[in-house]
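Taking it in order: structure first as structure tokens, then the write-up.
Values in this text are rule-based calculations from the coordinates and carry no lab data. Source: prediction; values computed, not measured. Cβ atoms come from the backbone with ideal geometry, glycine included; neighbour counts cover every protein chain shown.
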Amino acid sequence: MDRLLCTSLYRALLKSLTRKAVSENRLRNYFLDFAQQVTIICDDTDALSVLRALNYTQVQFRSLLRRVSEQDTPPPHYLSRFINQAIEFIRTETELLYYRLEHPQYFISGSVPQSPLYWSKEHSAISVSEILCGLDRMAPKPLLLADGTDAPFNLVVRVFEDTLHVKLGDPTDVKRRVLERKKDRTKFTEALLYSLNKEDE
């Protein structure tokens, strides 16, 4: 149940609260490995064991977050960011797991026809991320599951990656890269708006 607490990310964050903080770049690499470990566990372990492991891990990360706020000397701000990213990733993977349990027919292994669509190299992958972030921030959300609930952003990213044969990266990083842009946050969206509004030639 504590398998994910043995990851480099958790150990580095725990160490950073008592000793010198691990660098942001190193934590970024550790987070990528953590996300891969979570995905492997979700794909290769029985559902009940996975849910217990994810719940236990999320509790431990929330405990780390409380410890950060209780420090007499505030640690580097990026520690809280990586802890929150881990919690968010666990939450979205949990939602995806519940969806898989409720709708197993969508996860049957077998030959699945590949999408004929490809994202053009004329436009960067972050343009897709920009669209997905915009859809995710709308209320009510336009992308839903079969039962009418909001589609988890994690699932949306994976579906669009598969459909358009484009790599967007970790869903948490997808949002961060778009929302942290100081300018041109809506560059592609504005290009779409211009195309829709210009008069036909």
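Could you check how many percent of all C-alpha pairs in the chain are farther apart than 21 Å?
Values: 12211 of 20100 pairs.
Roughly 61 percent, rounded to a whole number.
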Quiz item: Taking a spot 7 Å from the Cα of N84 along the direction of its beta carbon, which residues of the range 152-179 have an amide N less than 15 Å from it?
Solution: 172-179
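Can you give the FRET efficiency for S124 and L5, using 1/(1 + (r/R0)^6), R0 = 35 Å, r = Cβ-Cβ distance, to the nearest 0.05? List each step's numbers first, then the result.
Numbers: r = 37 Å, r/R0 = 1.05.
Between S124 and L5 the formula returns 0.45.
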Exercise. Kindly identify the range 1-63 as rounded, prolate or oblate by the Cα gyration tensor criterion: order the square roots of the eigenvalues as a ≥ b ≥ c, call it rounded if a/c is under 1.5, otherwise compare a/b with b/c, prolate if a/b is larger, else oblate.
Key: oblate
Practice problem: With springs connecting C-alpha atoms under 10 Å apart, model the chain as a Gaussian network and identify which of A53, A21, A35 has the largest mean-square fluctuation. | Solution: A21
Practice problem: Once you've got the Cα coordinates, tell me which of K15/K183; K15/K187; K20/K167; K20/K141; K141/K182 are over 30 Å apart. | Solution: K15/K183; K15/K187; K20/K167; K20/K141
Practice problem: Using label points projected 7 Å from each Cα along Cα→Cβ, tell me how many nm separate I40 and K182, to one decimal. | Solution: 3.9
Quiz item: Of P113, P140, P152, which is the most mobile in a GNM of the chain whose springs link Cα atoms less than 10 angstrom apart?
Solution: P113
Exercise. Determine the distance separating the Cα centre of the range 156-199 from the Cα centre of the range 1-65; give it in Å without decimals.
Key: 28
